[in-house]
């Protein structure tokens, strides 16, 4: 397929997303099934167009005067991918698969100045979240929002139980991998421009042998900050597919015991194969059932709560969720988080550490949750994240990561990672 056909397909997929209210991944998959002539390169290009359109939906709509699927896709082509009205006109001419010719307004949108557009549009965030983002980032909130519109890198975590970063990078040399800037066992493959395809590293021999896992550098950092050590008893209370369980096992050198649990049985399904491939021997999966964790009450050195959240920190990867987020969903997540903090505290022994993690950048899910928990639980105290960072990552805490409430917040703007929050609480003896 040539560019005109790819643009038309992206418009079709975005229209499907809007009219049927289905996730982007499902709409792209359905389009691929119905258009089997399209090659892998075509599908990657169409996916890039769709995701780029959603990442900058508000700013592109401000430039084009509308947020219709056609306007958004054409904006990506002209404002992000370097096409011009003239180059598109030439490409469209005589191509039966091309969209209709550009209108005068669409031509103007290619170079429209949006510096006077509403701040939420320039930041590409929902208007109702502006107060929360201002509270989180102060005067930097627009830049923080704009940084969420870039394409994410493909990050990998070397499994220290089986390999070294150097060994993994050699195995993946054809993709030009680089060491991550903060996570000591991290490797990153930067995102490419325009129609660049993301490498499918899971077909690599090293992945099959358990040398590495796909994991954003931010997720790696907060797993390290949990401070899990050899010989400890650790509960991963929201283990899901096991990404952080695997990272904890490697940090603990396969010594001690990790109990991997999730209230949603289906989310745990992938963990068994991943533990086997990574040769993790110190993790025990606890499936949800009555009394599944009763024997752990008051015995854990560390409880890790990777809490369900709005996922605002993953907007680069899942930009459609940005525009679907509602105050009602935020309130629901806050209720779940508050309950999980109370539940997690039951399993800690005196002197143990509660590790609270979200992939959110909103203070309502982060500092506010910790503040409310501490107000109701006098037997807990915040640990100094500056010290924790230095002890686990062997560097000084970068400027700007500390939050007013005593946690840390990673973002694409600050650390070139997904957005993550981490706070450590010590249960008093």
Checklist outcome for this item: In degrees, nearest 10, the alpha-carbon axis of helix 367-376 is tilted away from the dominant principal axis of the alpha carbons of the chain by 30 degrees
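Using the Kirkwood radius built from alpha carbon pairs, what does the Stokes-Einstein equation give as D for region 94-243 at 25 °C and 0.890 mPa s, in µm² per second?
Details: Rh = 19.4 Å.
D = 126 µm²/s.
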Checklist entry - If you find the alpha carbon centre of region 75-122 and of region 226-256, how far apart are they in angstrom? => result 49 Å
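Please report the orientation-averaged projected area of region 225-283, defined via the convex hull of its C-alpha atoms, in nm². Please report the intermediate quantities before stating the final value.
Working: hull surface 13.6 nm².
Dividing the Cα hull surface by four gives the mean projection, 3.4 nm².
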Checklist entry - Taking the Cα atoms only, what angle lies between the long axis of helix 327-345 and the longest principal axis of the chain, rounded to 10 degrees? => result 20 degrees
Item to check | Diffusion coefficient, µm² s⁻¹, Stokes-Einstein with Kirkwood Rh over alpha-carbon pairs of region 327-414 at 37 °C and 0.692 mPa s | outcome: 230 µm²/s
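Pop the C-beta distance of residue 181 and residue 294 into the FRET formula with R0 = 25 Å and round what comes out to the nearest 0.05. Could you put the intermediate results ahead of the total?
Numbers: r = 43 Å, r/R0 = 1.70.
That pair, residue 181 with residue 294, gives E of 0.05.
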Checklist entry - So what does log10 I(q)/I(0) come out to for region 154-214 at q = 0.16, 0.23 Å⁻¹, using the Debye formula with one equal point on every Cα and no solvent? => result -0.44, -0.89
Next on the checklist: Please compute the volume of the convex hull spanned by the alpha-carbon atoms of region 382-429 and report it per residue in Å³.
Outcome noted: 79 Å³
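Nearest 5 is fine: what % of DSSP beta bridges in region 218-427 come out antiparallel, could you say? Numbers along the way, then the final one.
Details: 13 of 30 bridges.
Approximately 45 percent, going by the DSSP bridge assignments.
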Item to check | Coordinate range along principal axes, alpha carbons of region 84-172, Å, largest first | outcome: 59, 44, 17
Next on the checklist: What does the extension gain come out to for residue 346 and residue 214, with contour length at 0.36 nm per residue minus their alpha carbon separation?
Outcome noted: 44.3 nm
Checklist outcome for this item: Helix 3-20: inclination vs the chain longest Cα principal axis, degrees, rounded to 10, gives 60 degrees
Checklist entry - How are the C-alpha pair distances of the chain spread across 20 Å bins, as whole percents from the shortest bin up? => result 25, 54, 20, 1
Checklist entry - What per residue convex hull volume, in Å³, comes out for region 218-427 when only alpha-carbon positions are used? => result 124 Å³
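Once fully extended, how much extra length lies between residue 241 and residue 191, figured as 0.36 nm per residue of separation less the alpha-carbon to alpha-carbon distance? Before the final figure, lay out each step's value.
On the way: separation 50, 0.36 × 50 = 18.00 nm, distance 2.44 nm.
Gain in length upon complete extension: 15.6 nm.
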Item to check | All-pairs alpha carbon distance profile, region 280-387, 5 Å steps from 0, percent | outcome: 2, 10, 18, 21, 17, 15, 11, 5, 1
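Residue 111 to residue 2: extension gain in nm, 0.36 nm per residue of separation minus the Cα-Cα distance?
Details: separation 109, 0.36 × 109 = 39.24 nm, distance 2.38 nm.
Using 0.36 nm per residue and subtracting the Cα-Cα distance, I get 36.9 nm.
Among the DSSP beta bridges whose two residues both lie in the chain, what percent are antiparallel, rounded to the nearest 5?
Among the beta bridges of the chain, antiparallel pairing accounts for roughly 55 percent.
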Checklist entry - Can you give the alpha-carbon Rg of region 3-114 over 2.2 N^0.38 Å, where N counts its residues? => result 1.01
Item to check | Alpha-carbon centroids, region 1-56 and region 153-218: separation in whole Å | outcome: 26 Å
Checklist entry - At what distance in angstrom do the alpha carbon centres of region 380-429 and region 297-359 lie from each other? => result 16 Å
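Throughout, read-outs are computed from the coordinates displayed, never taken from laboratory work. Model, not experiment: these values are computed from the prediction. Glycine also receives a Cβ, built like all others from the backbone with ideal geometry; neighbour counts cover every protein chain displayed.
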